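The values are calculated or read from the model by the stated rules, or taken from the named source; none is laboratory data. Just so it is clear, the structure is predicted and the values come from calculations on it, not from any experiment. Positions of Cβ are backbone-derived with ideal geometry, glycine not excepted, and every protein chain shown enters the neighbour counts.
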Number of protein chains: 4
Amino acid sequence: MAGNTLGTLFTVTTAGESHGPALVAIVDGCPPGLELSAADLQVDLDRRKPGTSRHTTQRREPDEVEILSGVFEGRTTGCPIGLLIRNTDQKSKDYSAIKDLFRPAHADYSYHHKYGLRDYRGGGRSSARETAMRVAAGAIARKYLASQGITVRGYMSQLGPIDIPFRSWDAVSENAFFSPDPDKVPELEAYMDQLRRDQDSVGAKITVIAEGVPPGLGEPVFDRLDAELAYALMSINAVKGVEIGAGFASVAQRGTEHRDELTPEGFLSNNAGGVLGGISSGQPIVAHLALKPTSSITTPGRSIDVDGKPVEVVTKGRHDPCVGIRATPIAEAMMALVLMDHLLRHRAQNAGVEVQTPVLGQL
Amino acid sequence: MAGNTLGTLFTVTTAGESHGPALVAIVDGCPPGLELSAADLQVDLDRRKPGTSRHTTQRREPDEVEILSGVFEGRTTGCPIGLLIRNTDQKSKDYSAIKDLFRPAHADYSYHHKYGLRDYRGGGRSSARETAMRVAAGAIARKYLASQGITVRGYMSQLGPIDIPFRSWDAVSENAFFSPDPDKVPELEAYMDQLRRDQDSVGAKITVIAEGVPPGLGEPVFDRLDAELAYALMSINAVKGVEIGAGFASVAQRGTEHRDELTPEGFLSNNAGGVLGGISSGQPIVAHLALKPTSSITTPGRSIDVDGKPVEVVTKGRHDPCVGIRATPIAEAMMALVLMDHLLRHRAQNAGVEVQTPVLGQL
Amino acid sequence: MAGNTLGTLFTVTTAGESHGPALVAIVDGCPPGLELSAADLQVDLDRRKPGTSRHTTQRREPDEVEILSGVFEGRTTGCPIGLLIRNTDQKSKDYSAIKDLFRPAHADYSYHHKYGLRDYRGGGRSSARETAMRVAAGAIARKYLASQGITVRGYMSQLGPIDIPFRSWDAVSENAFFSPDPDKVPELEAYMDQLRRDQDSVGAKITVIAEGVPPGLGEPVFDRLDAELAYALMSINAVKGVEIGAGFASVAQRGTEHRDELTPEGFLSNNAGGVLGGISSGQPIVAHLALKPTSSITTPGRSIDVDGKPVEVVTKGRHDPCVGIRATPIAEAMMALVLMDHLLRHRAQNAGVEVQTPVLGQL
Amino acid sequence: MAGNTLGTLFTVTTAGESHGPALVAIVDGCPPGLELSAADLQVDLDRRKPGTSRHTTQRREPDEVEILSGVFEGRTTGCPIGLLIRNTDQKSKDYSAIKDLFRPAHADYSYHHKYGLRDYRGGGRSSARETAMRVAAGAIARKYLASQGITVRGYMSQLGPIDIPFRSWDAVSENAFFSPDPDKVPELEAYMDQLRRDQDSVGAKITVIAEGVPPGLGEPVFDRLDAELAYALMSINAVKGVEIGAGFASVAQRGTEHRDELTPEGFLSNNAGGVLGGISSGQPIVAHLALKPTSSITTPGRSIDVDGKPVEVVTKGRHDPCVGIRATPIAEAMMALVLMDHLLRHRAQNAGVEVQTPVLGQL
């Protein structure tokens, strides 16, 4: 496949460019009988939407989603769910300036070599605008997972050099940064304001956690739950690293320290991040992802044009100075989609499995 | 699928448990006409083989691979290649001690909840023994890639707390640690000796690099080259984190620093790790992976049995005190398999694409 | 997957119900650079369109397709092509009469047991209206195949008891039946007129032929070209049988009669229907498909309701008395989609294969 | 994929050539806890085995299967099941006579053009020997299906010009032809004896029936149960046609005749062959398949060599004069594999669906 489909049983196929007529998605494999309306998807779309604070792009799109199929009388039918978001804010600006050159750290050069031609308007298919459909599809998964007692939530854990310790979930929705620590917000705002003055951008780290996941999800060997999470999270624009649980800190850990001991009352720690041997353990699933700084900045940079000649590039337009700020809902969506797929896969093969061993919680 | 198949066009399907009769794999989609013999696979199998130094498990298996099909008169036919490795060193030891309890940080507990029953002998399917077949399959991919000018090589870049800077590829094959710095070897040996005395284990970081990869491999959106690498590398036993290029260091980088500028003479840096917008840029593909410390250690740990009662666990047997030491050939194999798959996928869709823009090297 | 995606490399994913807001499709894997506009798809959509003669349903929909993505400045970009057809003629009629009962030979009963609920308006997802998107997607494949010298054409070879011998391709487009024999048309019209008076329906046989297919397409063992054609053609609503080449006549043939001998001037016959060992031989690919009579007829029939009580069913509405009449463009589309997929698959694995043996034509 | 994997959730991947070292298969996705031993597979392998009567090839292979993995203490573990059959009767005969020419109606010519080279010994991968692994894998599916009350059985319904009406299942296992009518056996034997004297071969028709299949299996649109059956059955060597239920007879049927009416006591007929809208109805699943006459006959035929020069071909060796005679167990296996896959797929999406409408039997 040409890579625009995610999942095995609960699949999401997307299409659409940044400045084309519309984004479209088909979500296949949703169980029948789930109450669903466009409003359910809109909640998450609005959390990802640009233009909600001065720290994100000023492109303003309503990102209004329409459900085209698969829902009847307010419930899913089990048939594929078609989703449509019209692009309304396609500024008919002049793209001739970037048409024949490659912006550094963008997909221009690699797309050009892959396809020989490309839709250069606003990045075309490589634009993060595509992630709107991930969020819409993810909202369906999140709603179903919630009906099974599974929640997926994320927050920003680092902005550039600033670490953001976890304080509370409540705080996350109350600021533009998805910061779990409300006291950190002024520092984050000051940092962003200086960044804009510097005409520069910066990276961010996002943490996503799923709670209520039953043990047994994931497959051994290749399609491990952590492997599929790594795939799904790394597929988000600008992501350069993924960790599960202790992640890279595991390298310097000793076995006596890393291993999460079990007691009748629960696991004593969660270095595993909720995955043992590729399969969920019942502990919270914990993933961290690193997003690189936005590539579109107004500080000039060196590059070449399609003929290989040197050029100077300045990326104008309305861009997020930190793409990580709006990445939390996208990361939540991707984790939800992976869990949804593996929930169905688990049912397929292990429907009748009964186990007497108690399911442990996390202490 | 139940997750034992990797790839879309160049696929590897594996089966086999640690202490079952044999490991088996079917490699499908190999182009016809490639010269291939079991000896080609044996080279890499021997690099992964246990028991080659005092720092790895003393389980000694010849790991001799037999090609069952798909090769005729010394060349691949395009039909699926069947591979077989008999398990010869299945110690018929008594497993009753671990049969009914869950070793911390192992897959025992999660497998038990997934399947209701499990082959507990030596970890069964969750044992890293399964990776022998990844290496064998990867050797086929590496041989084909080499015929296209693509090389995949790896080394250990960190052992526990010890950073190992890159010095030279030649050094890597000359020590048991895959250390690219020969001067670090005595320090690594001393560290490992102390670790054994402590009855403990430790993690490691591996770096894998592909050179000669043409621009254009990978798909936009979901099946990005970096996403598929993250999936493939995270699927290796004990891996807890994957980075592409600058990885988590990107978080604190600024856009002016991170972006790899282009000049007619080549890219000026490689923070991208060779992937832009999910598609190879022609720069070297660089990935880092974090491996957790070995879970099987003789220092007692707390756990529960299948009835939920508390127990103390001691994992005896012949185990690597650092699973990362033998992980380099496995990581190379996984990167090679992903590149091979995407090379074929690229040909399928873009066979006729011609581009006049020069392919840039890395400065 | 939940079965709404066709293909491996050139994939078509569809969604949409008969009386929902719209039909939608995503076509992934199209090579870049193909000239394409909505008008290219409209030609085939119009050939399938209802209401063009008195022998088909009087439902009149413009079936106007919009391309949402994947095409830039008149050429495909290699990114997924989103397609949208709004349903405009959704009669807001009262469906309460069929809501709680199962029409014989319809999917009502099986959908009800599968999903527990269903969109009963006009058959919902089980309606043949869904095939509009197959035709639209097939038109993309047909255009690309044509650029490679491959044509796919079909005709009606039997209507109820009336055999229709092949006379000429030109005739096919000149009558409402896709009859290759213009002299048969009056007989077909008389038969259909009588059928309507009888308030009954009838089956049909369609023949589809691909010419210009190079030898080598298809895979051994499972994904044979003929197996994938059988799958694709059998997936069309109402199809109950598929033959390749001599088909069921092969049963009574002797080996000396069936085998297609080869001479330097070409194959001497085509009982194989262009496929040997699952792989195209260079001869024309020939398939026949049997369509059952329309299930929606006004002659009352026995059935049960959702409580298992006996009921009498009369299917009112605007229905084709012979669904086979409009099936030719659908069958062409399905054959084209399979060939397109296998053309790409062949390129992936066998890009560099060179053969000196001449390609034989059909004598 | 290169087409050597069947199924979505319950997958079978095979490898192996007629005269290579071995056949190998990996069956993935089997539910855990199923009692299974090699003896379970051997029963069906022996039914397919050559050399059991004078009417089949005299090649004698024990076809002894070894289970390499996925079974522990007599039960499936849920991990992939590796299967191995060594080729023991590889006559080291001289193949130079057919090495450079193309036997009519064989895969020689199409493989040659696909791959550029081929394993010509006994047909290599295109040999029906490969179907041994289908039968072995199918036996696993059949055993699981039986535990769910589903049986799959087949018989020969036509041999060359001789129709064989169904009389009883008991008769099928009591003769070499899988004839359900014991009284027909002498006629079949006489026909086959004459055929051998004529140095010719003939086709056959096989009927396969699944009983006890619950309503709801199969997916709408592409992955319909009948479409997947058509794919699976058409993928068997020599099959040229597949029918579901009334099949090609539907063409001449009227709607009033074809539609299977429902009463509280059951369906009144089964023209549908147990599939409505692509989804099982609870009626028996009925499929017919047409097999062409064996291509390997000793009567000389015209062909060309690899240089395009005319040659005369005589296929010596030990061949079945009617490949259909041994096809019944293969067809059963393929139907079982498709049903098994769809049973798991159904569970995945529709695990919680509850329906009050009674399941109808077949009157």
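Brief remarks follow.
- Checked against (1) in contact with a strand residue (DSSP E or B) (Cβ under 7 Å, 6 or more places away or on another chain); (2) under 17 Å from A:PRO358 (Cα atoms); (3) touching a residue at least 12 places away in the same chain (Cβ under 8 Å), B:ASN87 meets all criteria but (2).
- Residue list for region A:1-30, filter: at the interface with chain B (Cβ under 7 Å from one of its Cβ atoms), without any contact (Cβ under 8 Å) to a residue 60 or more places away in the chain and either surrounded by fewer than 24 Cβ atoms within 10 Å (Cβ to Cβ) or not hydrophobic (A, V, I, L, M, F, W, C) (or both): A:MET1, A:GLY3, A:ASN4, A:THR5
- Meets criteria (under 19 Å from C:THR5 (Cβ atoms), under 18 Å from the mean Cα position of the chain (by Cα), crowded, with 24+ Cβ neighbours inside 10 Å and modelled with pLDDT of 95 or more) for C:ARG134: yes
- Note on region B:266-303: residues that are touching a helix residue (DSSP H, G or I) at 6+ places or on another chain (Cβ under 6 Å) and without any contact (Cβ under 8 Å) to a residue 40 or more places away in the chain total 2.
- C:GLN194 fulfils the conditions (1) under 30 Å from C:SER53 (Cα atoms); (2) within 7 Å of chain D (Cβ to nearest Cβ) except for a single criterion, (2).
- Among the residues making up region C:253-309, those that are within 30 Å of D:ASP260 (Cα to Cα), more than 26 Å from the chain's Cα centre (by Cα) and within 8 Å of chain D (Cβ to nearest Cβ) are C:THR299, C:GLY301, C:ARG302, C:SER303, C:ILE304, C:VAL306, C:ASP307, C:GLY308, C:LYS309.
- Residues of region C:203-218 that turn out to be touching a Gly at 6+ places or on another chain (Cβ under 7 Å) and more than 20 Å from C:MET234 (Cβ to Cβ), as a count: 4
- Only one entry of A:GLY308, A:GLY301, A:GLY255 meets the criterion of being surrounded by 24 or more Cβ atoms within 10 Å (Cβ to Cβ) and in contact with a Pro (Cβ under 9 Å, 6 or more places away or on another chain), and that entry is A:GLY255.
- All of C:VAL213, C:VAL242, C:VAL221 fail the test of being more than 8 Å from chain D (Cβ to nearest Cβ) and either within 28 Å of B:GLY78 (Cα to Cα) or crowded, with 24+ Cβ neighbours inside 10 Å (or both), apart from C:VAL213.
- Residue list for region C:269-287, restricted to those being over 21 Å from C:ALA331 (Cβ atoms) and either among the charged types (D, E, K, R) or part of a strand (DSSP E or B) (or both): C:LEU276, C:ILE279
- Meets criteria (more than 7 Å from chain D (Cβ to nearest Cβ), under 18 Å from the mean Cα position of the chain (by Cα), acidic (Asp, Glu) and outside any loop (DSSP other than H, G, I, E, B)) for C:ASP320: no
Per-residue answers, yes or no, for (1) on the phi > 0 side of the Ramachandran plot; (2) within 8 Å of chain C (Cβ to nearest Cβ); (3) in contact with a Phe, Trp or Tyr (Cβ under 9 Å, 6 or more places away or on another chain):
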| residue | (1), (2), (3) |
| --- | --- |
| A:SER37 | no, no, no |
| A:ARG54 | no, no, no |
| A:THR57 | no, no, no |
| A:GLU66 | no, yes, no |
| A:GLY74 | yes, no, no |
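- Boolean, D:GLY352 is under 29 Å from D:GLY78 (Cβ atoms) and surrounded by fewer than 24 Cβ atoms within 10 Å (Cβ to Cβ): yes
- Residue within region C:140-158 that is under 30 Å from D:THR131 (Cα atoms), at pLDDT 95 or above, within 18 Å of the chain's Cα centre (by Cα) and not in a helix (DSSP H, G or I) present: no
- Scope region C:144-161; condition surrounded by fewer than 20 Cβ atoms within 10 Å (Cβ to Cβ) and out of contact with any strand residue (DSSP E or B) (no Cβ under 7 Å at 6 or more places or on another chain); matching residues: C:ALA146, C:SER147, C:GLN148, C:GLY149, C:PRO161
- Residues (at pLDDT 85 or above and within 14 Å of chain B (Cβ to nearest Cβ)) located in region A:76-107: A:LYS99, A:ASP100, A:LEU101, A:PHE102, A:ARG103, A:PRO104, A:ALA105, A:HIS106, A:ALA107
- Whichever residue in region D:186-197 is farther than 21 Å from D:ILE330 by Cα and without any contact (Cβ under 8 Å) to a residue 60 or more places away in the chain and, among such residues, is surrounded by the fewest Cβ atoms within 10 Å (Cβ to Cβ): D:ARG197
- Filtering region C:82-124 to residues that are part of a helix (DSSP H, G or I) and under 19 Å from C:LYS309 (Cα atoms) leaves C:SER96, C:ALA97, C:ILE98, C:LYS99, C:ASP108, C:TYR109, C:SER110, C:TYR111, C:HIS112, C:HIS113.
- Residue pairs whose Cβ atoms lie under 6 Å apart, sitting 6 or more positions apart in sequence or on different chains, and linking a residue in region D:347-363 that is at the interface with chain A (Cβ under 7 Å from one of its Cβ atoms) to a partner that is at pLDDT 90 or above and in a loop (DSSP other than H, G, I, E, B), are D:ALA348/A:LEU9; D:GLN349/A:GLY29; D:GLN349/A:PRO31; D:VAL353/C:GLY116.
- Residue count for region A:14-39, restricted to those that are under 19 Å from the mean Cα position of the chain (by Cα) and not in a strand (DSSP E or B): 3
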